[in-house]
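Before any comments, here is the structure.
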Amino acid sequence: MTVQSSCSAFRKRSGIIWCWRKGFHHLTVVEVLYLQKELSFFEMLTIKRVPTVVSNFQEEAFQSSGCGRNCLGKCCVPGSVLPLYSFNRDGGDSMRGKALAMGLSKGEEENPEISFLDTLLLGQWEDRMTRGLFRYDVTTCETKVIPGEYGFIAQLNEGRHLKKRPTEFRVDRVLQQFDENKFNFTKVGQEEVLFRFEPNDDGKNLYVPNASVSDGDSQSPSVVAINVSPIEYGHVLLIPHVLDCLPQRIDRDSFLLALHMASEAANPFFRLGYNSLGAFATINHLHFQAYYLAVPFPVEKAPTRTITVVKGLPERGVVVSQLLNYPVRGLVFESGNTIQDLSDAVASSCICLQDNNIPYNVLISGCGKRVFIFPQCYAEKQALGEVSQELLDTQVNPAVWEISGHMVLKRKKDYEDASEDYAGRLLAEVSLSEERFEEVKAYILQAAALQEANAEARESDEEQQEAEFNPPVPPATPHLPQDCLVLQ
């Protein structure tokens with residue numbers, strides 16, 4: 001089966017439970033799952049081909065107070081009504097455990113499609129597609145696997161090149177102040193929002209289709225919205241505390257929220273990504289991206305070597321590995337006694353990179369159990385004139401998806417000529433040199449409160465530590481050298 005046909009089959013299985021119809025106003029997630037099984041009137045949405053649109057501020061059937069545009073700004077959000085998916089902060093309200101308690105069969109309990117968040121997101125995304133909110137129909141984009149050792153995936157996406165929002169800030173600084181005069185997510189319409197995504201301390205996962213933003217403790221909601229210039233099926237944005245107007249920089253709370261989203265979706269084909277400024281984030285307003293791709297990313301299959309640590313690991317259970325035989329050098333964080341332990345280790349590492357002005361990308365995979373960090377220097381090399389004109393002519397900016405092995409190409413010729421050699425040369429320009437990577441790795445481990453074992457201990461375990469990963473079916477630091485900075 002080709003990638004195109006595999007993705008098409010995956011899309012056909014998606015849909016949404018219309019459990020918030022008249023009379024269903026406040027259901028637990030498991031009650032909704034039970035209704036999905038028992039009642040026959042639940043409908044499954046399918047994708048409808050729609051024409052390209054140039055504006056997302058389309059007229060809605062209702063009017064709101066505030067600016068009159070029903071946006072995500074402070075003028076319109078307070079007092080508005082948005083769907084709410086509220087998850088158990090402690091993770092104790094297991095979807096599978098509750099499903100079993102409701103009497104579902106063992107097979108249904110283990111079915112990855114039992115995740116309500118997964119079904120909700122896909123159905124709401126397709127609904128926005130039928131309403132014409134996307135700038136082009138991404139489901140018509142050609143996709144193929146490039147022959148070779150890594151199995152890079154190529155996609156032809158000409159619409160994204162023509163209609164993607166432009167970058168409006170400097171690319172030589174990882175940390176920059178939020179600028180309300182430039183495009184940010186408070187300026188988009190509420191019709192682009194799929195639902196709010198918020199934690200709770202009630203021990204239950206809840207879905208409330210008509211929840212007032214004024215309800216609860218959070219006056220600055222975290223929202224999941226469509227990406228109007230999508231790369232793949234189900235492409236969305238997770239925007240933490242949208243009204244706080246946070247710049248594009250990871251903090252502990254926001255990264256934990258992203259891990260929870262991956263965990264709640266419980267779908268190995270759903271990954272979240274993050275691009276820092278200087279690593280091809282295009283909007284300086286805190287956000288994560290996410291989408292579905294029904295095949296493994298090449299980086300997920302890459303072999304790794306566990307970094308033996310002598311401090312931090314026993315207490316938190318976090319395993320840190322280094323990618324081997326992959327064009328971009330990177331670190332992999334896994335396990336953790338709790339989701340908080342894994343989140344803290346990764347967030348500390350990201351904060352270290354930000355504070356030292358090192359651009360980086362993050363991939364969250366394995367339903368939130370596996371996180372890749374890629375320090376990168378492509379923009380620096382580009383500014384120094386060290387990137388070949390052939391690569392520059394493709395106009396591909398290697399962000400998290402490209403680094404992970406999903407090449408989004410903008411020209412028909414580049415797509416037809418795509419080869420493993422091209423992908424390898426592009427990613428080689430992204431990667432830090434071995435010497436620089438080792439230096440950055442030492443600072444990352446220190447920031448994560450981990451300490452690498454000495455060389456003798458590492459060599460004694462090296463043979464058993466190297467292994468190819470097979471993606472499971474669901475389930476205050478010293479300043480770095482100046483040559484690690486992105487230059488103007």
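The values are calculated or read from the model by the stated rules, or taken from the named source; none is laboratory data. Quantities reported herein were computed from a predicted structural model and do not represent experimental measurements. FYI the Cβ positions are ideal-geometry reconstructions off the backbone, even for glycines, and counts take in every protein chain you see. When the accessible area is computed, the model is the full protein with side chains, heavy atoms only, and any ligands, DNA or RNA have been set aside. Shrake-Rupley method; radii C 1.70, N 1.55, O 1.52, S 1.80 Å.
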Give the relative contact order (percent, whole number) for region 305-376; include only Cα pairs under 8 Å separated by 6+ residues.
-> 27
For V318, other-chain or 5+-apart residues with amide H closer than 5 Å (H placed, Pro excluded) are G336, N337
Can you quote the Å³ per residue value for the convex hull of the Cα atoms in region 269-310, rounded to an integer?
-> 142
Karplus couplings for region 391-403 from phi (6.51 cos²θ - 1.76 cosθ + 1.60, θ = phi - 60°), rounded to Hz, Gly and Pro as x?
-> 5, 5, 5, 6, 6, 8, 9, x, 9, 4, 5, 5, 4
J(HN,Hα) series, region 176-185, from Karplus relation 6.51 cos²θ - 1.76 cosθ + 1.60, nearest Hz, glycine and proline x = 9, 5, 5, 10, 5, 7, 9, 4, 8, 6
With every protein chain kept in place and a 1.4 Å probe, region 242-356 has an accessible area per residue in Å² of 26
What are the residues whose amide H is under 5 Å from the amide H of N70, where those residues sit 5 or more places off or on another chain and H is modelled from the backbone?
-> S64
Which percent of Cα pairs goes in each bin when the distances of region 194-312 are cut into 5 angstrom slices starting at zero?
-> 2, 9, 17, 20, 19, 15, 9, 6, 2, 1, 0
Mind giving me the nanometre distance, one decimal, between the label points for D253 and N181, set 7 Å out from Cα along Cα→Cβ?
-> 2.8
Among the chymotrypsin sites (Phe, Trp or Tyr not before Pro) within region 389-449, which fall in a DSSP loop and have no more than 14 other Cβ atoms within 10 Å of their own Cβ?
-> none
